[in-house]
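To start, the structure itself, in structure tokens.
The values are calculated or read from the model by the stated rules, or taken from the named source; none is laboratory data. Since this is a predicted model, take the numbers as computed values, not measurements. With ideal geometry, Cβ positions are generated from the backbone for all residues, glycine too; neighbour counts draw on all protein chains shown. Ligands, DNA and RNA are stripped out before the accessible areas are found, and what is left, the full protein with its side chains, is counted by its heavy atoms. Shrake-Rupley method; radii C 1.70, N 1.55, O 1.52, S 1.80 Å.
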Amino acid sequence: MQITFAPAAPVGSLLVLPVEKDGMARAQLGDLRPLAEAAAKAHRFEGEAGAIVELFVGGDTVRHVLLLGVGGGSEPDWARAGGALTAKLLTGATEAAVDLSGLTVTPEATARFAGAAAQRAWRHDVYRTKLPEAQKPTLGTLVIAGAPDGAEAAWTAQAAITDGMALTRQLVSEPPNLLYPETFVEQVSRSIEGLGLEVTVLDEPAMRALGMGALLGVAQGSIRAPRLLALKWTGAGEGAPSVALVGKGVTFDTGGISIKPAAGMEDMKWDMGGAGAVAGAMKALAARKAKVNVIGVMGLVENMPDGGAMRPGDVVTTMSGQTVEVLNTDAEGRLVLCDAITWVQRTHGVKTIVDLATLTGAMIVSLGNEYGGLFANDDGLADQLLAAGLATDDKLWRFPLSATYDKLLESPIADMKNIGPRGAGSITAAQFIQRFVEEGVKWAHLDIAGMVWSEKAGVHHDKGATGYGVRLLDRFLRDNFEA
């Protein structure tokens, strides 16, 4: 869907009139006021964010008008209104004009409104051949009329984030027979072409030479060759990256020899959601020319069971030199992350790392689908991420890290085992990853198992891939690292 700006609403367009909470008396309704007030009363409409009342106004021609609640006028309220508007009009209208004339709205809130509207319009209908006409998207253009000064510039950044989220959603939505490590690299490379990102790809021989025994151990049961993909953005001038974003990219996870139950296994196509979020965030940063140096690293594998697969009881040697007794091959994401984290520390000397992974089912038990889990070895870094989550609605909830959990990972024959007991499963997973973070490096781990896919629609997404993490990471970097 295209977002455009105009001084006034085009004649004949479906007209959208924003109304603040309890603000019907202040709304810019003109000659429509009597009819609008009657309709609002009939529908008990009070301007709540995302609430909509539909009018059809007679005359020489019938005009379609919507009253759109924008709540208290905060940025999150405007975003909620934008998403609700698209949900209402996506499969019916072809063009709509939102008239902001006379309203007190900031450029940032306007951009958030437009961003949510555009993001909510994203669909993945590539493989549908018999989609009913009534279900086909029709809304091609949303005109923002009478926007405040600076709104178009603010929208430029939101448009970049929207494009980044689209890449993440595409990757998460793709079927696993078509998205695997090699094609993940191909799709991302095509999507970012011309944006100025430096691309590095390590194949299996290169990773073997580096000693990435943990990541390669996960991959060895699949006919799909693993990859490590790194995207480097140098937006603050020449110099080392200030931050590394590291994503788990298990393009399909059967659990390996510790195979998962059949019911629901199809969901494991999105076990690469952390890598998808990193790819989308890096595209957004490059598209908006963010003044920050960042490297995004994605460890890409497929976890399958065959005669060559890693077994429970195997011992693998990680790139760091530490050894791991693998008791459960379905605790594979941490094995991918540990080598990717070691690689980015040794090759780029980063001092701040944020990793993202659909890591544990225990996180969904803890938080459901409302928050991602946050673990961090630095309180300041944790606070920055929590603030970014609240600002973007990609919310996080912090969990503890403590040396008292380390004993749960003790192995009788190796430096550690890859899984602890049933209790504190998300915490022991984070404790495992922390062992690969070097002294003096600030590190945060985001367990986003419940966030990358949704069975219900939200402000920014329909059912399916959510694009979670892109807005969060972009805001975190913008607020804390951009020059």
Acute angle (nearest 10 degrees) that the helix 379-392 long axis makes with the longest principal axis of the chain, alpha-carbon atoms: 30
Accessible-area order (highest first, 1.4 angstrom probe) of the listed residues 207, 268: 268, 207
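Taking R0 as 30 Å, what FRET efficiency do you get between residue 57 and residue 457 from their Cβ-Cβ distance, rounded to the nearest 0.05?
According to the calculation, E is roughly 0.55.
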Give the residue from 312, 469, 103 lying farthest towards the positive end of the charge dipole for the chain; charges sit on Cβ (+1 for Lys and Arg, -1 for Asp and Glu) and the dipole is referred to the Cα centre. 103
All aspartates and glutamates inside 14 Å of residue 248 as judged from Cα atoms, apart from same-chain residues fewer than 8 positions distant: 271, 302, 330, 332, 339, 355, 447
Residue 404 and residue 238 label points (each 7 Å along its Cα→Cβ direction) are spaced in nm at 5.1
Computed magnitude of the charge dipole of region 229-361 (debye, nearest 20; Cβ of K, R +1, Cβ of D, E -1): 820
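Taking loop as defined by DSSP and a crowding limit of 11 other beta carbons within 10 Å, which trypsin sites (Lys or Arg not before Pro) in region 1-103 fit?
Those satisfying the criteria are 44.
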Using amide H atoms built 1.01 Å from N in the peptide plane, name the residues 5+ places from residue 220, or on other chains, whose amide H lies under 5 Å from its own. 310
If 405, 468 are ordered by their accessible area, calculated over protein heavy atoms with a 1.4 Å probe, which sequence runs from highest to lowest? 405, 468
Too long at a 28 Å Cα-Cα cut-off: which of 269/407; 88/291; 41/136; 395/456? 269/407; 88/291; 41/136
Label point distance in nm, residue 225-residue 31, each placed 7 Å from Cα along Cα→Cβ: 7.0
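How high is the FRET efficiency between residue 315 and residue 43 when r is their beta carbon distance and R₀ equals 60 Å, given to the nearest 0.05?
Details: r = 65 Å, r/R0 = 1.09.
Between residue 315 and residue 43 the formula returns 0.35.
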What's the magnitude of the charge dipole for the chain around its Cα centre, counting Lys and Arg as +1 and Asp and Glu as -1 at the beta-carbon? Answer in Debye, nearest 20. 320
So for 253, 406, what's the accessible-area order with a 1.4 Å probe, most first? 406, 253
From the phi of every residue in region 284-298, what ³J(HN,Hα) in whole Hz does the Karplus formula 6.51 cos²θ - 1.76 cosθ + 1.60 yield, where θ is phi - 60° and glycine or proline is x? 4, 4, 5, 5, 9, 6, 4, 8, 7, 9, 9, 10, x, 10, 10
Amide H neighbours of residue 314 under 5 Å, counting only residues 5+ apart in sequence or on other chains, H built in-plane at 1.01 Å? 326
Please report the accessible area of residue 182 (heavy atoms, 1.4 Å probe, ligands and nucleic acids excluded) in Å², nearest 10. 70
Per-residue HN-Hα couplings for region 147-154 [Karplus 6.51, -1.76, 1.60; θ = phi - 60°; Hz; x = Gly/Pro]: 5, x, 4, x, 5, 5, 5, 5
Expected 222 nm ellipticity per residue - DSSP helices of 4 or more, -39500 (n - 2.57), all of the chain, to 500: -10500 deg cm²/dmol
Computed ³J(HN,Hα) along region 97-110: with the Karplus parameters 6.51/-1.76/1.60, θ = phi - 60°, integer Hz and x for glycine or proline, the list is 10, 9, 8, 9, 4, x, 8, 8, 9, 7, x, 5, 5, 4
Given a 1.4 angstrom probe, what's the average accessible area per residue across region 128-279, in square angstrom? 40
Using only Cα atoms, locate the centre of region 467-483 and the centre of region 142-160, then give the distance between them in Å, rounded to an integer. 19
If R₀ is 51 angstrom, what is the calculated FRET efficiency for the pair residue 141 and residue 346, using the beta carbon separation as r and rounding to 0.05? 0.55
